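A.B. asks: Right, I'll just put the structure down here and ask away after.
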Amino acid sequence: AKEQGGGGRLEIYAAHMHAKVVNRLELQTELRQALADNAFTLEYQPVVDLETSQVTAVEALVRWRRGDELVQPEEFIGPAEESGLITPLGEWILREACERVAMWRASDWDIGLSVNLSVKQILSPRFVETVAGALEETGLPGRVLTMEVDEEVLLENPGEAVERLAELRRLGVRLAIDDFGMGYASLAHLRELRVDAIKIDPSFIRDLGQDGTVTLLTHTIIRLGQDLGMDVVAEGIERSDQLEQLRSMGCGHGQGFLVARPMVAEGVEALVGGGAEVAL
Ligand code: C2E
Ligand code: MG
Ligand code: MG
Ligand code: MG
């Protein structure tokens, strides 16, 4: 009876694993179809200059329109990476965002664009070509585009990824380290790769002013960025005390629900309709 019980558990476990794999495969098939059906859509979250409250850039954030549901990237970026779909999806995201921002710039608004990259995209052979093509076809100058990479990108494939990113920089594109401070070797990466901006991880901003060590670390990251001539962006600003503290620490830019939520393109236009400033 004992053995039987064990076998039963094993069977249940195997069935569970099987279901998981099947779900994963179904999801990947669905994602592929979604790309063909043009079911992905972009939201844009404003980034503001903390001194002037001007919206200086937007970060493109992808969503999936699945029936009435708007699926968030946390649920599908991983599977898209595993299946390789992230490469064509990433191309679509880049193209779509560049077109939108080129339109805004054509109406005399000096706005920048940030786009997230995953490591799979960077290592795909046509990557640099694709970015160059998107810039050329939309007429955007490279300096308007910032590519955001997580630190893991550099951890997993240092030589190759660093070389690709250096090629991007030669196009004039700016590089930002996303979620800065959470990786294992944040400082070492700043040596290997020229970066233009660091985005302080929201976990620091959350405890700002409430945890002495976190407050000190945040201040140190801001000064480090300034000393290295990099732009520093604080992510996840939700409270006005965080905003005030970041301002007093001289943090250059900020992003977060307090400033503005991610929104559809028309929302961004409405927000900045009366001038590129938000009320802060
Ligand atoms: P991320 O690049 O760090 O993007 C910031 C995330 O924080 C966004 O979540 C945004 O909605 C959220 N956020 C912004 N302000 C606040 C705030 O004040 N409070 C809180 N709690 N959250 C805030 P989202 O859109 O769900 O994206 C999650 C992650 O998915 C992104 O993190 C990025 O790593 C990835 N991602 C999103 N879009 C793309 C894309 O187009 N390509 C790739 N490769 N990855 C993407
Ligand atoms: Mg980002
Ligand atoms: Mg990210
Ligand atoms: Mg981030």
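The values are calculated or read from the model by the stated rules, or taken from the named source; none is laboratory data. A quick note: this is a predicted structure, and the numbers were derived from the prediction, not measured. When we count neighbours, we look across all protein chains shown, and the Cβ atoms used for this are built from the backbone with ideal geometry, even at glycine.
A.B. asks: Filter the stretch 56-87 for residues that are touching a residue at least 40 places away in the same chain (Cβ under 8 Å) and more than 14 Å from ligand 1 (Cβ to nearest atom) and give the result.
C.D. replies: Selection gives 56 alone.
A.B. asks: Only one residue in 31, 50 is over 26 Å from residue 119 (Cβ atoms) and touching a Leu at 6+ places or on another chain (Cβ under 8 Å), so which one is that?
C.D. replies: None of the others qualify; the one that does is 50.
A.B. asks: Would you call residue 260 modelled with pLDDT of 95 or more and touching a Leu at 6+ places or on another chain (Cβ under 6 Å)?
C.D. replies: no
A.B. asks: While we're looking at this one, here's another question. Can you find even one residue in the stretch 119-137 that is within 16 Å of ligand 4 (Cβ to nearest atom) and either in contact with a His (Cβ under 6 Å, 6 or more places away or on another chain) or farther than 26 Å from residue 269 by Cβ (or both)?
C.D. replies: Looking through the stretch 119-137, at least one residue is within 16 Å of ligand 4 (Cβ to nearest atom) and either in contact with a His (Cβ under 6 Å, 6 or more places away or on another chain) or farther than 26 Å from residue 269 by Cβ (or both).
A.B. asks: Residue pairs, Cβ under 6 Å, 6 or more apart or interchain, first in the stretch 24-42 and of a type in the set (S, T, N, Q), second part of a strand (DSSP E or B) and surrounded by 12 or more Cβ atoms within 10 Å (Cβ to Cβ). List them.
C.D. replies: 41/63; 41/65
A.B. asks: Checking residue 241 against (1) within 16 Å of ligand 4 (Cβ to nearest atom); (2) exposed (fewer than 14 other Cβ atoms within 10 Å of the Cβ), which test does it fail?
C.D. replies: (1)
A.B. asks: Let me ask something additional. What's the number of the only condition in (1) within 16 Å of ligand 2 (Cβ to nearest atom); (2) within 14 Å of residue 101 (Cβ to Cβ) that residue 140 fails to meet?
C.D. replies: (1)
A.B. asks: Considering only strands (runs of 3 or more DSSP E) fully contained in the stretch 32-112, which possess at least 2 residues that are of a type outside the set (Val, Ile, Thr) and within 18 Å of the chain's Cα centre (by Cα)?
C.D. replies: 40-49, 55-66
A.B. asks: Kindly indicate the residue of the stretch 157-189 that is more than 15 Å from residue 127 (Cβ to Cβ) and of a type in the set (D, E, K, R) and also farthest from ligand 2 (Cβ to nearest atom) among those meeting that condition.
C.D. replies: Here the answer is 174.
A.B. asks: Would you mind telling me which numbered condition in (1) in contact (Cβ under 8 Å) with a residue 40 or more places away in the chain; (2) crowded, with 21+ Cβ neighbours inside 10 Å; (3) out of contact with any strand residue (DSSP E or B) (no Cβ under 8 Å at 6 or more places or on another chain) residue 247 fails?
C.D. replies: (2)
A.B. asks: Among the listed residues 65, 95, 24, identify the single one that is surrounded by fewer than 19 Cβ atoms within 10 Å (Cβ to Cβ), modelled with pLDDT under 95 and among the basic types (Lys, Arg). Give the derivation first.
C.D. replies: Working: 65 fails: modelled with pLDDT under 95; 95 fails: modelled with pLDDT under 95.
The match here is 24.
A.B. asks: In addition: Could you tell me which of the residues 219, 189 is in contact with a helix residue (DSSP H, G or I) (Cβ under 6 Å, 6 or more places away or on another chain) and touching a residue at least 12 places away in the same chain (Cβ under 8 Å)? Spell out how you get there, then give the answer.
C.D. replies: Working: 219 fails: in contact with a helix residue (DSSP H, G or I) (Cβ under 6 Å, 6 or more places away or on another chain).
The unique qualifying residue is 189.
A.B. asks: So which residues in the stretch 110-144 are hydrophobic (A, V, I, L, M, F, W, C) and away from ligand 3 (no atom under 16 Å from the Cβ), if there are any at all? First the steps, then the outcome.
C.D. replies: Initially, the stretch 110-144 is screened for residues hydrophobic (A, V, I, L, M, F, W, C), giving 111, 113, 115, 117, 119, 122-123, 127-128, 131-132, 134-135, 140, 144.
The answer is 111, 123, 127, 128, 131, 132, 134, 135, 140, 144.
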